[in-house]
Ligand SMILES: [Mn+2]
């Protein structure tokens, strides 16, 4: 019997698996990718009796492969917070899915494990830019403001590390980062350890985010702003966290960040206004390679010819 862990390469996916594997250590095959590489079940080869754990990737985008695994006699444990589509009913499928905009996969795992590795769940909630949920969870642990700030910085930098067109854009491959961090039962030990990956992660984030200071929106209204980022490595890496930063800075405004896609067109990140976490997933799902959650979503490759259509739909959606 083989264990296969399939997880999104962002903070939420990685911290969800850290919690599960600290609680239930086991040898497993790791399958992950850049944050936008979500059709991960395609990469799974499993047979009857194997156990696949799936974290923080949309079931809707993996539905055929999920059906195939179940039909082959594989057991699947699925935890996620993206719009799932139709959830199959199967004796070998255990599902924890909650699409509420105030929860993320790591918070769902935290609940499942009854708070056993809660600090890692807080890191993830900050990574997914769910500040309110992160803070209310941190309150339960009676953490000091400066400790909360450390978990927040870590969450933001792990999330930052997941962005890029391909694995070569990233400072750390997500599976490497997972293996490095799962050695620490507490994220504070990872942060404190001068030999850990933390410093490189933090420096990379600081450098890239500093470069966004000079950017101006391509278009903006009272309710929306659209940024186009230059076709550079730093811009591909920082696009997601830059969107979160704008969302936090202008909580009543919706944001879209467009970066050049290497094969043409654009990669799009959408952030709903923090004060109205709605419609982002729906909006992006109207485009063939789009999807996501109510508060945060994206389009993997928006063809040049559909940019205008996207911009008008985006403005229409959030002018309401
Ligand atoms: Mn997530």
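Select, from 11, 16, the only residue that is within 13 Å of the ligand (Cβ to nearest atom), within 22 Å of residue 267 (Cβ to Cβ), buried (at least 24 other Cβ atoms within 10 Å of the Cβ) and in the same structural domain as residue 163 (by TED's automatic domain parsing).
11
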**OP:** Please tell me if residue 115 is over 19 Å from the mean Cα position of the chain (by Cα), in contact (Cβ under 8 Å) with a residue 24 or more places away in the chain and either loosely packed, with under 15 Cβ neighbours inside 10 Å or on the phi > 0 side of the Ramachandran plot (or both).
**Re:** yes
**OP:** Look through segment 119-134, keep the residues that are buried (at least 21 other Cβ atoms within 10 Å of the Cβ) and away from the ligand (no atom under 13 Å from the Cβ), and return whichever of them is nearest to residue 269 (Cα to Cα).
**Re:** 122
Subject >> Filter result (within 16 Å of the ligand (Cβ to nearest atom), more than 13 Å from residue 53 (Cα to Cα) and at pLDDT 95 or above) within segment 66-83 >> reply: 81
Subject >> Flag for residue 164 being touching a helix residue (DSSP H, G or I) at 6+ places or on another chain (Cβ under 9 Å), assigned by TED's automatic domain parsing to the domain that holds residue 57, in contact (Cβ under 8 Å) with a residue 60 or more places away in the chain and not in a helix (DSSP H, G or I) >> reply: yes
Original post:
Is segment 240-253 home to any residue that is assigned to a loop (DSSP other than H, G, I, E, B) and closer than 28 Å to residue 173 by Cα?
Top reply: no
Original post:
How many residues does segment 118-145 contain that are part of a helix (DSSP H, G or I) and in contact with a helix residue (DSSP H, G or I) (Cβ under 8 Å, 6 or more places away or on another chain)?
Top reply: 17
**OP:** Could you look through segment 19-55, keep only residues that are within 14 Å of the ligand (Cβ to nearest atom) and part of a strand (DSSP E or B), and pick out the one that is nearest to the chain's Cα centre (by Cα)?
**Re:** 55
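The values are calculated or read from the model by the stated rules, or taken from the named source; none is laboratory data. Predicted, not measured: the structure shown is a model, and the values here were computed from it. Every residue, glycine as well, gets a Cβ built from its backbone with ideal geometry; the counts of neighbours run over all protein chains shown.
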